[in-house]
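S.K.: Shown below is the structure under consideration.
Every number in this text was worked out from the coordinates using simple rules, so none of it is lab data. These numbers come from a predicted model, not from an experiment. Don't worry about glycine lacking a Cβ; one is built from the backbone with ideal geometry, like all the others, and counts go over all protein chains shown.
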Amino acid sequence: MSVVVKTIGDEDRELLTELLVRRWTSPDILIEGEMIDASQLPGFLAFQDGRLVGAVTLIKRAHEWEILTLDSLQRWGGVGTILLDAVVDTALELGMPRLLVRTSNDNLDAFRFYQRRGFRLEKVVQGVIDEERKLKPEIPATGLHGIPIRDEVVFARPLVSENNR
Ligand SMILES: CC(C)(COP(=O)(O)OP(=O)(O)OC[C@H]1O[C@@H](n2cnc3c(N)ncnc32)[C@H](O)[C@@H]1OP(=O)(O)O)[C@@H](O)C(=O)NCCC(=O)NCCS
């Protein structure tokens, strides 16, 4: 499969917004009580045969990058890994010491995906999604595998050397 990855540019914002609406109901994502418009963030898009097949958006802080969204539109075909590799390679080039990602407690595919790719469980924030649902009622009560969505799980990956890959 030949997947082409490109940095998100202003010309891509509309396409990215469509993907985020499709996957997250809206480009506005709540973290730590703050609504962030993921469609305006930096990141990468993945294309196959000219068709968008995935996207990753990043919050770039001084000492860490947070993956706010990572979506593969054709799961289990390697797109998620290709996008994560693009993030890791760029972060390493710039000397960024670590990556962070939060997932909801029902997202067992993401638990596996990140832990098999160098991320470690950092913390569980109990009840935070119950609180966020009060601000964003479209967050469903029940998630994947019929699991009630309530808590946030934080994974982090240090980027001290290429050996962490
Ligand atoms: C997490 C996510 C980005 C992974 O993307 P992906 O394109 O499926 O990723 P890849 O194809 O690179 O790898 C997926 C894994 O599924 C495995 N897989 C392949 N076929 C499979 C199948 N039929 N059933 C289950 N897993 C399968 C792959 O082997 C790989 O496993 P590995 O960890 O053992 O290597 C994708 O599942 C997704 O978009 N999830 C929804 C959004 C989300 O939750 N994002 C993360 C939080 S920000």
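S.K.: Treating the beta-carbon of each Lys and Arg as +1 and of each Asp and Glu as -1, no other charges, what is the dipole magnitude of the chain about its Cα centre, to the nearest 20 debye?
M.R.: 540 debye
S.K.: Cβ neighbours within 10 Å, averaged per peptide: list 122-128, 52-58 in order, most packed at the top.
M.R.: 52-58, 122-128
S.K.: In terms of modelled amide H atoms, which long-range or inter-chain residues lie less than 5 Å from the amide H of residue 31?
M.R.: 36
S.K.: Next question, about the same structure. Do any chymotrypsin sites (Phe, Trp or Tyr not before Pro) in the range 1-101 lie in a DSSP loop with no more than 10 other beta carbon atoms within 10 Å, and if so, which?
M.R.: In loop regions of the range 1-101 (DSSP not H, G, I, E or B), the sparsely surrounded chymotrypsin sites (Phe, Trp or Tyr not before Pro) are 76.
S.K.: Still on this structure: How long is the gain from residue 61 to residue 81 if the chain were fully straight, where each residue apart is worth 0.36 nm and the alpha carbon distance is subtracted?
M.R.: 5.0 nm
S.K.: Through the Karplus equation 6.51 cos²θ - 1.76 cosθ + 1.60, θ set to phi - 60°, convert the phi angles of the range 59-72 into ³J(HN,Hα) values in whole Hz; use x for Gly and Pro.
M.R.: Using θ = phi - 60°, the values come out as 9, 9, 9, 4, 10, 7, 10, 10, 7, 7, 9, 9, 10, 10 Hz.
S.K.: Further, regarding this structure: By how many nm would the segment from residue 14 to residue 134 lengthen if fully extended, with 0.36 nm per residue of separation less the alpha-carbon distance?
M.R.: 40.4 nm is the gain from fully extending residue 14 to residue 134.
S.K.: Using helices alone, I'd like the mean residue ellipticity at 222 nm for the chain: each DSSP H run of four-plus residues gives -39500 (n - 2.57), total over residue count, nearest 500.
M.R.: -8000 deg cm²/dmol
S.K.: Separate question: Order of 140-149, 79-88, 25-34 by packing, highest average Cβ count within 10 Å first?
M.R.: Those peptides, ordered most packed to least, come out 79-88, 25-34, 140-149.
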